[in-house]
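The next block holds one structure in the form of structure tokens; read it before the comments.
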Amino acid sequence: MSLQFTKMHGLGNDFIVINMIQQTVSLTPQTIRYLADRKTGIGFDQCLIIERSQQKDIDFIYRIFNADGQEVGQCGNGARCIARYIHHYGLSNKNPLRVATKTSHLVLTSNADNSVTVDFGKPLWDPKQIPIKAPAQTDQYLLPLANNTLHPCYALSVGNPHAVSIVEDLSSFSIQEIGKNISTHPLFPEQTNAGFMKIIDTAHIQLRVYERGCGETAACGSAAVAAAAVGRRFFRMDPKIIVDLPGGALIVEWPSLDGSLQLTGPASFVYQGSLLTCE
């Protein structure tokens with residue numbers, strides 16, 4: 001089975017983008033895991049697929065598969081790559097573009113500097129919508145971890161679930177251990193992305209992210225949005241927040257707590273490729 005793909009990244013969060021409009025390829029979870037392997041495959045955090053839309057108000061269907069083969073509903077860095085891919089390869093000249101994922105409808109606006117702004121809509125705080133197994137909505141949730149410790153975090157959905165923790169020292173924080181424990185915690189029935197945030201000032205945060213199905217990544221757009229939402233709602237941060245991740249900076253804007261969250265950042269091409277077989 002042959003496969004045409006394009007390798008892209010958003011601040012080091014890397015993807016293969018597959019155009020399913022002009023080719024037909026059967027991708028099983030096993031195949032995606034094989035392709036994601038950085039030693040024997042292509043190597044990537046997520047596989048992004050573009051399909052035709054049958055809905056009048058949606059330009060394209062945008063599907064997201066984590067490196068473990070699981071389909072998920074949101075990827076902010078990937079969404080920016082999708083917008084640049086569609087325009088670069090001439091699939092559409094519309095700007096903005098409207099795309100639908102498994103869980104969300106996104107508006108993607110390409111900017112003159114080749115950055116892309118993603119409209120995420122409103123965050124969801126209801127436990128059932130996140131989802132998190134909690135009897136009632138609260139500001140913070142306490143997660144039982146090893147050694148009978150309770151880990152406080154904020155939980156929300158921005159099209160996918162996020163648990164955001166406040167951390168004083170990100171450099172020495174054991175993200176691999178704690179991040180995995182939170183990401184796969186039984187209170188999150190669909191698992192969750194675990195974000196660890198240090199507040200620098202009212203307009204600036206630092207963030208590291210353990211993504212479900214991937215591990216720690218260089219950047220996570222939806223986690224940046226979730227962290228900024230927590231900063232705005234619970235710590236009175238500014239409407240415009242710079243989010244520093246290991247791979248670089250993103251900008252999140254949330255002018256009104258009743259309105260939509262906007263994420264702006266770069267999206268870069270790496271190379272085009274062709275596989276004679278992906279089995």
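With respect to the numbered conditions (1) open to solvent by 60 Å² or more (accessible area, probe 1.4 Å); (2) of a type outside the set (Phe, Trp, Tyr); (3) more than 15 Å from residue 274 (Cα to Cα), which one is the sole condition not fulfilled by residue 4?
The one condition residue 4 does not meet is (3).
If only one of 223, 203, 228 is closer than 26 Å to residue 47 by Cβ and of a type in the set (A, V, I, L, M), which one is it?
223
Identify, please: which residue in the range 80-111 is assigned to a strand (DSSP E or B) and touching a helix residue (DSSP H, G or I) at 6+ places or on another chain (Cβ under 7 Å) and is, among those, surrounded by the fewest Cβ atoms within 10 Å (Cβ to Cβ)?
Looking at residues that are assigned to a strand (DSSP E or B) and touching a helix residue (DSSP H, G or I) at 6+ places or on another chain (Cβ under 7 Å), I get 110.
Say we look at the range 144-179 and pick out the residues that are hydroxyl-bearing (Ser, Thr, Tyr) and open to solvent by less than 60 Å² (accessible area, probe 1.4 Å); which of these is farthest from residue 123 (Cα to Cα)?
Across the range 144-179, the extreme among qualifying residues is 174.
Looking at residue 194, is it open to solvent by less than 10 Å² (accessible area, probe 1.4 Å) and more than 20 Å from residue 71 (Cα to Cα)?
Criteria not met by residue 194.
What are the residues in the range 175-213 that are within 13 Å of the chain's Cα centre (by Cα) and over 18 Å from residue 246 (Cα atoms), if any?
Answer for the range 175-213, where residues must be within 13 Å of the chain's Cα centre (by Cα) and over 18 Å from residue 246 (Cα atoms): 192, 213.
Would you check which residues across the range 50-79 are in a strand (DSSP E or B) and within 25 Å of residue 243 (Cβ to Cβ) and list them?
Across the range 50-79, the qualifying residues are 62, 64, 65, 66, 72.
Here are some conditions: (1) farther than 30 Å from residue 42 by Cα; (2) in contact with a His (Cβ under 9 Å, 6 or more places away or on another chain); (3) buried (at least 19 other Cβ atoms within 10 Å of the Cβ). Residue 242 meets all but one. Which one does it not meet?
(3)
The values are calculated or read from the model by the stated rules, or taken from the named source; none is laboratory data. What you are looking at is a predicted structure, and each value in this text was computed from that prediction instead of being measured. So basically every Cβ, Gly included, is an ideal-geometry build from the backbone, and we count neighbours across all protein chains shown. Side chains are part of the model used for accessible areas, which takes the heavy atoms of the whole protein and leaves out ligands, DNA and RNA. Shrake-Rupley method; radii C 1.70, N 1.55, O 1.52, S 1.80 Å.
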